[in-house]
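Heads up: the structure comes next, in structure tokens.
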Amino acid sequence: MAAPRQFADARAVAAALRPSYPVYCLRPHVLARQAKRFLTQFPGAVLYAVKCNPHPLVVDALYKAGIRHFDTASLPEIAQIAETYPDALSYFMHPVKSRAVIKNAYRVYGVRHFVVDHEAELEKVLEETGGRDVTIMVRINTPPSEGTLYHLSKKFGAAPAQAVALLRRAVAAGCPTGIAFHVGSQCLKPEAYRVALDLCGRILSEAGVEPVAIDVGGGFPARYVEMDSPPLADFFQAIRDGLKANRVGPTVEVLCEPGRALVAAGCSLLVQVQLRKDRQLYINDGIYGSLSETVDAGIRLPARLIRLGDPAPAEATQDFVLNGPTCDSLDVVPGTFELPADVREGDWIEIDQVGAYSNALATHFNGFFPETFVTVQDPSPAFAETTRESAA
Ligand SMILES: Cc1ncc(COP(=O)(O)O)c(C=O)c1O
């Protein structure tokens, strides 16, 4: 991987590159500090959910900060981790996998942890691996938690009776067995983890199974505009309380699979204004590129104007609509952005907190594709907030 160009901040990027294309400004030091927070405060192993941002620079920053476990959901993700970091461990956490992929993950890449949420999937895993040296994680569904942006249990997870049967079958097949859940992405309620852990406790005791691992999934929130997310410490405390209340012993491995909370603050996006029509700004990235979560999840992102040259941007501000670059009339970022009233063609806008589910979800629609990464060294405003939070 070629080393990225390095700059002091997004303004320096604009000055050096004068980019008419979107540029991701990565902050490896922010990624490292978020990783350290998880590694030091979470009571167990931290698996980075690669799907959230698989860019090699992002994964590398996390690896350098000490992340050695990865939640992988496809063979390409497994290959990326195994071929770059031979000492790292991949866990196959997608509940639905093809037989060929299971076989290759096991035989070629040495994956030994597989999640299942259905009897037929469990049989597939047992058949393709021979059940040798394989840990089976049974994914359960959890009740929806208020404010959570994506309720993943709508699609995945076994109901309690089914989970009991799966746990027993995995144990009968001679496999070390654990239990997993995902409370939903951008979860705003620490209690959701406690509720899910209580459910795990009931299911395990009904199954009469001693788990080797309990995986509390991802879902930890990032800090977006107008979204009141409690500090991460509250989530870790709820998990500790849930483990204690359910008498999870020290030999049980506790896992988590954060994506969003690890990487959202570690990257901003530098876009350029290509046309202004009154309060409508036409920029060079949009909902088919880095900003799809502003639609899918209603996330609001902080933004600031960067202008090179004179005059300095006006102090007065106005609310602007950001239109994406494609010809599609749906390609408009929901909501408005407060920016200096005299925004003009050629100005840049730095949009913060785009480290999660941005480049990972971008399409090539209409010939546009955001792919330029540089690194910057300044603390992002969003990160300054997180630092205050952890000091409190
Ligand atoms: C199985 C699994 N683990 C972890 C994650 C990461 O979740 P988050 O980004 O909310 O932390 C996801 C996201 O879809 C997931 O499906």
- Message: If you roll a 1.4 angstrom probe over the protein chains with everything in place, what fraction of the accessible area of segment 259-384 belongs to carbon and sulfur, to the nearest %?
- Response: 52
- Task: Compute the relative contact order of the chain as a whole-number percentage, counting only Cα pairs closer than 8 Å that sit 6 or more residues apart in sequence.
- Result: 21
- Item | Gain upon complete extension [Asp328, Leu275; 0.36 nm per residue less C-alpha separation] | 17.5 nm
- Task: Enumerate the amide H contacts of Thr372 below 5 Å, restricted to partners 5 or more residues apart or on another chain; note that Pro and chain-start residues carry no placed amide H.
- Result: Tyr24
- Query: At what distance in nm do the modelled label points of Lys64 and Arg168 sit from each other, each positioned 7 Å from its Cα along Cα→Cβ?
  - Reply: 5.2
- Task: Could you work out which residue, out of Val271, Val252, Val332, moves most in a Gaussian network model of the chain, that is, has the largest mean-square fluctuation with Cα springs under 10 Å?
- Result: Val252
- Item | Whole-angstrom gap from segment 336-362 to segment 87-138, using each part's C-alpha centre | 40
- Per residue, how many Å² of accessible area does segment 140-241 show with a 1.4 Å probe? 40
- Quick one: of the DSSP bridges fully inside segment 28-263, what percent are antiparallel, nearest 5? 5
- Query: Past the 18 Å Cα-Cα mark, which pairs from Lys36/Lys64; Lys51/Lys189; Lys51/Lys97?
  - Reply: Lys51/Lys189
- Item | Listed residues Pro95, Pro54, Pro86, most fluctuating in the chain (Gaussian network, C-alpha, under 10 Å) | Pro86
- Query: Can you list the aspartates and glutamates whose alpha carbon sits under 14 Å from that of Lys155, skipping same-chain ones fewer than 8 residues off?
  - Reply: Asp117
- Once phi for every residue in segment 109-116 is put through the Karplus expression 6.51 cos²θ - 1.76 cosθ + 1.60 (θ = phi - 60°), the whole-Hz ³J(HN,Hα) values, with Gly and Pro written as x, are 9, x, 5, 10, 10, 10, 9, 9
- Message: Please list, short to long, the whole-number percent of alpha-carbon pairs of segment 209-249 in consecutive 5 angstrom bins beginning at zero.
- Response: 5, 19, 24, 20, 13, 10, 6, 3, 0
- So what is the 222 nm mean residue ellipticity for the chain from helices alone, if each DSSP H run of at least 4 adds -39500 (n - 2.57) and you divide by all residues, rounding to the nearest 500 deg cm²/dmol? -9500 deg cm²/dmol
- Message: Compute a Gaussian network model of the chain, connecting alpha carbons closer than 10 Å, and tell me which residue from Gly147, Gly208, Gly286 fluctuates the most.
- Response: Gly208
- Using only the Cα atoms of the chain, construct the convex hull and provide its projected area averaged over every direction, in square nanometres to one decimal. 19.4
- Taking GluC sites (Glu not before Pro) as exposed when in a DSSP loop with at most 12 other Cβ atoms inside 10 Å, the chain has its longest clean stretch at 1-145
- Message: Restricting the calculation to Cα positions, tell me the Rg (one decimal) and the Dmax (whole number) of segment 24-120 in Å.
- Response: 14.0, 44
- With label points built 7 Å along Cα→Cβ from the Cα atoms of Met227 and Arg132, find their separation and express it in nm. 4.5
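The values are calculated or read from the model by the stated rules, or taken from the named source; none is laboratory data. For clarity, every value in this text was computed on a predicted model and none was experimentally measured. For neighbour counting, all protein chains shown are included, and Cβ atoms are generated from backbone atoms with ideal geometry for every residue, glycine included. Side chains are part of the model used for accessible areas, which takes the heavy atoms of the whole protein and leaves out ligands, DNA and RNA. Shrake-Rupley method; radii C 1.70, N 1.55, O 1.52, S 1.80 Å.
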